[in-house]
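What follows is one structure encoded as structure tokens, with my remarks underneath.
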Amino acid sequence: MEVYNFFSSPCWINILDLDLKKITKSVREFSSRVETMKISNEGGYQGHDFDNQDFINAVISSIPRRDDKPLTNERIYSWVNINNKGDYNKRHTHIDTRILLSGVYYVKVPENSGNIRFYDPRGSFIQGMTDHDYYNNGYGWHFIEPKENMIIFFPSWLEHDVEPNATGKDRISIAFNVYADFEKANPI
């Protein structure tokens, strides 16, 4: 029997080969001169418009691509998150029709510093359905345990949050949105 999964919510995960000491130094220098903003963070630091060329190049070269639909004019908008003990990022999306994908790159990830959680986009009505309970164990979310140098791409509309950091050490990540041009399909 074949199984078709219609309308899935893909996430792409890869491990990059960035120099973590160099990127950490860049993040620390950035956070010392750019004021924090309160958007999705509860506690911690969130500094917007991080522009590190090594990071930008690594993200652009890692964008999931289709062979039949080339991307051009790729652009990355990124921001830094530094979360210490008890700090977290509340449930949110990056939804914007101009965004191709959103993502996060992990610079420093001490053990027990918090997983990222993605929520089932079908909403709460699916939670009580028998098929969901049988085939998916009734889960309404999925956790990913981050690792240093890990990059995750996901749709901008996919709700997510980050658990509180349970350690006394900083968890450092760089979140981003990918913008790109491509030839749009003609709807039927």
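Remarks
- Of the solvent-accessible surface of the chain, computed with a 1.4 Å probe over protein heavy atoms with every protein chain present, carbon and sulfur atoms account for 51 percent.
- Expressed to the nearest 5 percent, the antiparallel share of DSSP beta bridges inside the range 52-188 is 95 percent.
- Whole-number accessible area per residue in Å² for the range 28-171, which is evaluated in the context of all protein chains at 1.4 Å: 55 Å²
- Coarse-grained scattering of the range 80-188 at q = 0.10, 0.13 Å⁻¹, given as base-10 log I(q)/I(0) from a Debye sum over alpha-carbon atoms: -0.37, -0.59
- Relative counts (whole %) of C-alpha pair distances in the chain, using bins that are 5 Å wide: 1, 7, 15, 19, 19, 15, 10, 7, 4, 2, 0, 0
- Across the cross-link table entries K25/K108; K21/K90; K38/K108; K22/K147; K38/K169, which are compared at the Cα atoms, the separations over 19 Å belong to K21/K90; K38/K108; K38/K169.
The values are calculated or read from the model by the stated rules, or taken from the named source; none is laboratory data. Just so you know, these numbers come straight off a predicted model, no measurement behind them. Please note that ligands, DNA and RNA were not included when accessible areas were found on the heavy atoms of the full protein model with its side chains. Shrake-Rupley method; radii C 1.70, N 1.55, O 1.52, S 1.80 Å.
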